[in-house]
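Have a look at the structure below before the remarks.
The values are calculated or read from the model by the stated rules, or taken from the named source; none is laboratory data. Computed from a predicted model, the values in this text were never measured in an experiment. As a convention, Cβ positions derive from the backbone with ideal geometry for all residues, glycine included, and neighbour counts pool all protein chains shown.
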Amino acid sequence: MTDEDKNAPSKPDDSYTVFHGGLVKKKTLSRRAHSFVSPGFLWSLMFLVIPCLALFVVSFTTRGDYGQIEWAFTWDNLKQLAGFGYFGWSADNLLIVWRSIQVAVVTTFLCVVLSYPLAFFLASRPDKSRTVWLTLLLIPFWTNLVIRTYAWFLALAPNMPLALLLQDIGAIDPGAPLYPSTFAVYLGMVSMYLPFVALPLYTAVEKMDWALVEAARDLYSGGWRVFRHAILPQTMPGLSVGITLTLVPAMGMFVVPDMLGGSRYMLIGNLIQQQFGTSRNWPLGAALSLVLMLLTLSALMASRRREINKVEG
Amino acid sequence: MRRGNSTGITMTSVGIFILLYIPLLCVAMFSFNANKFGLTWGGFTLDWYIKMFQNEVILKAAWNTLFLAVVSTIISTVLGTMLAIGMYRFPWKKKTMGKLDMLLHMPVVTPDIIFAVALVIAFSVIRHFTGLFELGMPSMIVGHVTFQISFVALVVRGRLELIGHDVEEAAYDLYADHKRVLFKILLPLLKPGIMAGAMLAFTLSLDDFVISFFTAGPKSTTLPLFIYSALKRGVTPEIHALSTIIMILTIVLVLVMQKFTAKNGGEMH
């Protein structure tokens with residue numbers, strides 16, 4: 001390689017190109033570029049792209065009698081997913097898909113609503129204590145998902161203060177825990193994903209130009225209009241990262257509903273896990289994963305589009 | 001810039017921190033609870049910690065977790081760094097670049113359950129044809145590396161963009177050859193970025209549950225998997241002790257990362 005660099009001929013033709021101020025043979029350059037990129041690229045191709053294609057293919061195959069994949073292609077999995085089973089139509093699966101969307105969207109919304117005050121709070125701390133507060137936010141962010149979910153399981157147990165209080169006022173039966181319930185699922189989900197929104201939002205708030213907020217106040221804007229026109233457009237980049245980081249994993253979540261929601265609170269993630277676990281129906285599981293992927297992509301596109309509209313309009 | 005300072009904001013924020021920490025404190029508290037059955041307080045004890053360190057299954061799971069994290073971090077750091085350098089330094093066609101970029105962002109924007117499941121299917125197809133690749137440690141390493149590569153490459157590329165092309169061009173002007181530029185100039189400059197990427201990959205691996213859950217074999221249980229299955233069987237106070245220790249290690253790891261990023265003025269998130 002190096003020889004070719006040094007012995008570059010005096011009359012360069014088309015097979016040479018300028019690279020970082022020197023003359024290099026195009027072939028050499030391309031070989032070097034490929035040798036850097038190909039190991040990682042091939043790895044991702046083999047273990048990311050091809051498996052995803054396999055997922056697509058398998059979602060159209062049939063489940064054998066022993067749970068194996070039979071390569072007879074049908075639409076049955078998608079039909080089953082849409083609720084057409086042996087015993088006629090049922091809304092169960094569609095309900096689960098709908099519930100997953102609902103949980104992901106509501107969780108993201110709650111996280112955003114809670115993250116704004118938190119981001120302003122962090123940005124208004126003096127430098128020294130700000131690091132402490134940020135570290136306090138990072139610790140739960142990096143604490144294991146299973147441990148954090150289980151922690152709620154403990155905190156909501158029958159003889160903990162919160163449950164005792166609700167038992168006293170008669171909101172729940174004496175001696176009952178606060179799970180499985182929708183409340184417990186949302187508590188778990190929101191506390192799980194809050195740092196994912198709060199941290200990028202804080203970065204955006206920190207860079208914000210406060211003169212715009214003051215100008216809006218001077219012109220007698222109310223609280224909402226100040227937020228809508230002076231704060232929201234400026235914090236959009238951070239908000240959009242936060243929404244992506246929350247919406248994507250929240251759609252596929254199965255640990256929190258599994259531990260805090262009980263068997264009646266299934267999400268699409270639990271349904272997928274079931275197909276690859278006890279039910280051993282891989283084709284249906286693959287079809288469900290495909291639906292989840294489509295849902296995530298469309299949610300992302302929708303949030304991107306909204307962001308662009310808001311910035312421009 | 002001392003704005004957004006109102007009682008409402010402060011109260012909400014303190015409330016949020018309480019919400020984040022109350023459950024974790026509950027776990028820590030119960031790990032010192034002498035009462036084995038139920039969740040009533042029976043006095044202070046360190047027995048569960050001693051029992052935990054004598055539990056062979058837990059020690060094996062801890063070893064698996066660490067082994068998995070170290071091996072997958074090494075592989076993904078090498079591959080991810082090469083990918084970032086290759087993408088940033090060379091004049092790729094816009095279309096190729098776009099495709100590489102998409103590939104890089106794919107693990108970030110897909111729920112991890114999807115490629116966990118996709119990998120399980122791919123492995124079973126390989127196993128069907130070759131008889132190799134039983135689910136276990138190798139398949140877990142592959143799974144972890146696949147999502148770590150993206151994060152390493154994104155962090156390293158951020159650092160490369162900070163460095164820019166100037167230093168490299170200066171080196172070429174002074175007749176440094178290709179190898180010298182790479183090893184004497186680029187890699188030393190990149191070191192903080194590579195370290196940050198490796199640290200992120202390591203933490204992601206330690207933290208992962210979903211991918212391990214699907215790709216693990218019977219003998220390759222990691223700590224998060226152990227805790228999850230233990231909870232399904234019924235809670236023992238040893239789990240509280242184990243969780244508390246993991247939380248303390250997490251705190252240490254976060255503090256180290258904080259110090260590290262502060263020193264390099266880098267950006268972790």
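Summary table below
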quantity	calculated
Residue list for segment A:114-168, restricted to those being in a loop (DSSP other than H, G, I, E, B) and not small (Gly, Ala, Ser)	A:ARG125, A:PRO126, A:THR143, A:ASN144, A:LEU156, A:PRO158, A:ASN159, A:MET160
Segment A:150-169 residues that are within 18 Å of B:TRP41 (Cα to Cα) and more than 7 Å from chain B (Cβ to nearest Cβ), paired with ones that are modelled with pLDDT of 80 or more and crowded, with 16+ Cβ neighbours inside 10 Å (beta carbon under 6 Å, 6 or more apart)	A:PHE153/A:MET259; A:LEU156/A:ALA184
Condition met for A:LEU194 (assigned to a helix (DSSP H, G or I) and either over 22 Å from A:VAL112 (Cα atoms) or within 8 Å of another protein chain (Cβ to nearest Cβ) (or both))	yes
Unique match (being of a type in the set (Gly, Ala, Ser), more than 30 Å from A:GLN68 (Cα to Cα) and more than 9 Å from every other protein chain (Cβ to nearest Cβ)) among B:GLY131, B:GLY98, B:GLY136	B:GLY98
Some residue of segment A:237-250 being surrounded by fewer than 23 Cβ atoms within 10 Å (Cβ to Cβ), touching a Phe, Trp or Tyr at 6+ places or on another chain (Cβ under 6 Å) and either charged (D, E, K, R) or in contact (Cβ under 8 Å) with a residue 40 or more places away in the chain (or both)	yes
Failed item in (1) without any contact (Cβ under 8 Å) to a residue 40 or more places away in the chain; (2) out of contact with any Ser or Thr (no Cβ under 8 Å at 6 or more places or on another chain); (3) over 27 Å from B:SER31 (Cβ atoms); (4) part of a helix (DSSP H, G or I), with B:TYR228 passing the rest	(3)
Of the criteria (1) surrounded by fewer than 20 Cβ atoms within 10 Å (Cβ to Cβ); (2) closer than 26 Å to A:THR296 by Cα; (3) modelled with pLDDT of 85 or more, which one B:ILE113 fails	(1)
Listing of helices (runs of 4 or more DSSP H) fully contained in segment B:23-111 that carry 2 or more residues being among the small types (Gly, Ala, Ser) and within 24 Å of A:PRO39 (Cα to Cα)	B:56-89
Within segment A:75-126, considering residues that are over 26 Å from A:TYR186 (Cα atoms) and within 13 Å of chain B (Cβ to nearest Cβ), the one surrounded by the most Cβ atoms within 10 Å (Cβ to Cβ)	A:ALA123
Test result for A:THR61, among the hydroxyl-bearing types (Ser, Thr, Tyr), more than 33 Å from the chain's Cα centre (by Cα) and surrounded by 15 or more Cβ atoms within 10 Å (Cβ to Cβ)	no
Residue within segment B:33-46 that is under 22 Å from B:LEU223 (Cα atoms), away from every other protein chain (no Cβ under 13 Å) and in contact with a helix residue (DSSP H, G or I) (Cβ under 8 Å, 6 or more places away or on another chain) present	yes
Exclusive hit being crowded, with 21+ Cβ neighbours inside 10 Å and in contact with a His (Cβ under 6 Å, 6 or more places away or on another chain), set B:SER205, B:SER243, B:SER212, B:SER220	B:SER205
Single condition A:ALA286 does not satisfy, out of (1) crowded, with 23+ Cβ neighbours inside 10 Å; (2) at pLDDT below 90	(2)
Unmet criterion (only one of (1) surrounded by fewer than 24 Cβ atoms within 10 Å (Cβ to Cβ); (2) over 30 Å from A:LYS25 (Cα atoms); (3) more than 7 Å from chain A (Cβ to nearest Cβ); (4) in contact (Cβ under 8 Å) with a residue 12 or more places away in the chain) for B:GLY143	(1)
Which listed residue is on the phi < 0 side of the Ramachandran plot and at the interface with another protein chain (Cβ under 7 Å from one of its Cβ atoms), from B:VAL117, B:VAL152	B:VAL117
